[in-house]
Amino acid sequence: MALIETSELHPGVRQLTFNRPDKLNALSTPLMAEFDAALDAAADPAVRVLVLRGAGGRTFVAGADIAEYRGDRRAAFIAYQQNSRRVFDKLERLPKPVICAIDGFALGGGFEIALCCDILLVTEAAQLGLPEGRLGLSPGGGGTQRLVRAVGKHAASDLMLAGWRMSGRRAYELGLAAEVTQDLDAAILQRARACLKIAPLAAAEMKRLMREGADAPLESAKSHEQEVLFRLYSTADGQEGIDAFLEKRDPDFRGE
């Protein structure tokens, strides 16, 4: 059984499904290896939008498989955490829109994966959190850093230091989730089709500008933004977009 199931939802839209429903899709060493390989495959330019979701209908990813932590396995623990950080960083840097669909638990590493994505769609039943402190540990896949950048220090502190689980509605109120829906399938396709209308080069550059600009001085970030705009203007897609707008037709973006 594949631990990461790959399916094509629509031309240009690929879905990766975490597939350990009997373990609430907990992240294990074998699952992370498959996820890593699936992200490499998703780098294919034919894949314009990537969707992540969990199998089983009641969870996204409930965190790491804690059974792998038990005992004096420090070297293995460190290797797993370092590899997870590398894979999560790869996900965040994927130069195309990544939609994360959450129904049920997105805890620990599952929430860290969600924080690496671009658009979060949640149900009312979604529960998000970083409960590592309850194990005497702390997040290790970027959770403390990405969450505080996403929602601010005080909301992040409340979630981590009190060990709360955030509801899907609360995630939406904080601006973390784009939509609360009871029909994830329809919401995924609606967002994915909208993302397909964005030129691939423009999407990649806007993702990079947001990621890198968040930690850069404002003036230098704005200068970089204009450099990117000028470069995109000279691409075939840039000229195609302008022509299509003036000619009142849909553009034919080719990533060139």
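The values are calculated or read from the model by the stated rules, or taken from the named source; none is laboratory data. Given the structure is predicted, the values throughout are model-derived calculations rather than measurements. Glycine gets a Cβ as well: all are built from the backbone with ideal geometry, and neighbour counts include every protein chain shown.
Examine the range 229-248 for a residue that is over 23 Å from Val13 (Cα atoms), modelled with pLDDT of 95 or more and among the β-branched types (Val, Ile, Thr), and state whether such a residue exists. Yes, the range 229-248 contains at least one residue that is over 23 Å from Val13 (Cα atoms), modelled with pLDDT of 95 or more and among the β-branched types (Val, Ile, Thr). Regarding the range 95-105, can at least one residue be identified that is over 21 Å from Val180 (Cα atoms) and assigned by TED's automatic domain parsing to the domain that holds Ala64? Yes, there is a match, as at least one residue in the range 95-105 is over 21 Å from Val180 (Cα atoms) and assigned by TED's automatic domain parsing to the domain that holds Ala64. Might you let me know whether the range 143-164 holds any residue that is more than 24 Å from the chain's Cα centre (by Cα), at negative phi and of a type outside the set (D, E, K, R)? Taking every residue of the range 143-164 in turn, at least one turns out to be more than 24 Å from the chain's Cα centre (by Cα), at negative phi and of a type outside the set (D, E, K, R). Those residues that are in contact with a helix residue (DSSP H, G or I) (Cβ under 7 Å, 6 or more places away or on another chain) and not hydroxyl-bearing (Ser, Thr, Tyr), I need them from the range 19-39; list them, please. The answer is Arg20, Leu27, Met32, Phe35, Asp36, Leu39.
What are the residues in the range 78-118 that are part of a helix (DSSP H, G or I), under 19 Å from Asn25 (Cα atoms) and not polar (S, T, N, Q), if any? Talk me through it step by step, then tell me what you get.
Filtering the range 78-118 down to residues part of a helix (DSSP H, G or I) leaves 78-92, 109-115.
Okay, now just the ones that are also under 19 Å from Asn25 (Cα atoms), so 80-81, 83-85, 87-88, 91, 109-115.
Tyr80, Arg85, Val87, Phe88, Leu91, Gly109, Gly110, Phe111, Glu112, Ile113, Ala114, Leu115 - these are the residues of the range 78-118 that are part of a helix (DSSP H, G or I), under 19 Å from Asn25 (Cα atoms) and not polar (S, T, N, Q).
Flag: Leu201 matches the condition of being in contact (Cβ under 8 Å) with a residue 24 or more places away in the chain, of a type in the set (A, V, I, L, M, F, W, C) and in contact with a Gly (Cβ under 7 Å, 6 or more places away or on another chain). Cβ-Cβ contacts under 8 Å between residues 6 or more apart (or on different chains), taken from a first residue in the range 226-252 that is outside the structural domain of Met206 (by TED's automatic domain parsing) to a second residue that is in a helix (DSSP H, G or I) and loosely packed, with under 14 Cβ neighbours inside 10 Å, are listed as Pro251/Asp243; Pro251/Phe245. Exactly one residue among Leu209, Leu184, Leu201 is closer than 19 Å to Ile99 by Cβ, aliphatic (A, V, I, L, M) and modelled with pLDDT of 95 or more, and that residue is Leu184. Of the residues in the range 49-64, at least one is at pLDDT below 95 and among the β-branched types (Val, Ile, Thr). Please work out which one of (1) under 17 Å from the mean Cα position of the chain (by Cα); (2) part of a strand (DSSP E or B); (3) not acidic (Asp, Glu) is the condition Leu9 fails and give its number. Here Leu9 meets the rest and fails (1).
Among the residues of the range 109-129, some residue qualifies, meaning at least one is in the same structural domain as Gly63 (by TED's automatic domain parsing) and surrounded by fewer than 18 Cβ atoms within 10 Å (Cβ to Cβ). Residues in the range 27-46 that are over 16 Å from Leu91 (Cα atoms) and touching a residue at least 40 places away in the same chain (Cβ under 8 Å): Ser28, Thr29.
When restricted to residues that are over 20 Å from Ile119 (Cα atoms) and either buried (at least 20 other Cβ atoms within 10 Å of the Cβ) or not polar (S, T, N, Q) (or both), the range 15-35 contains 13.
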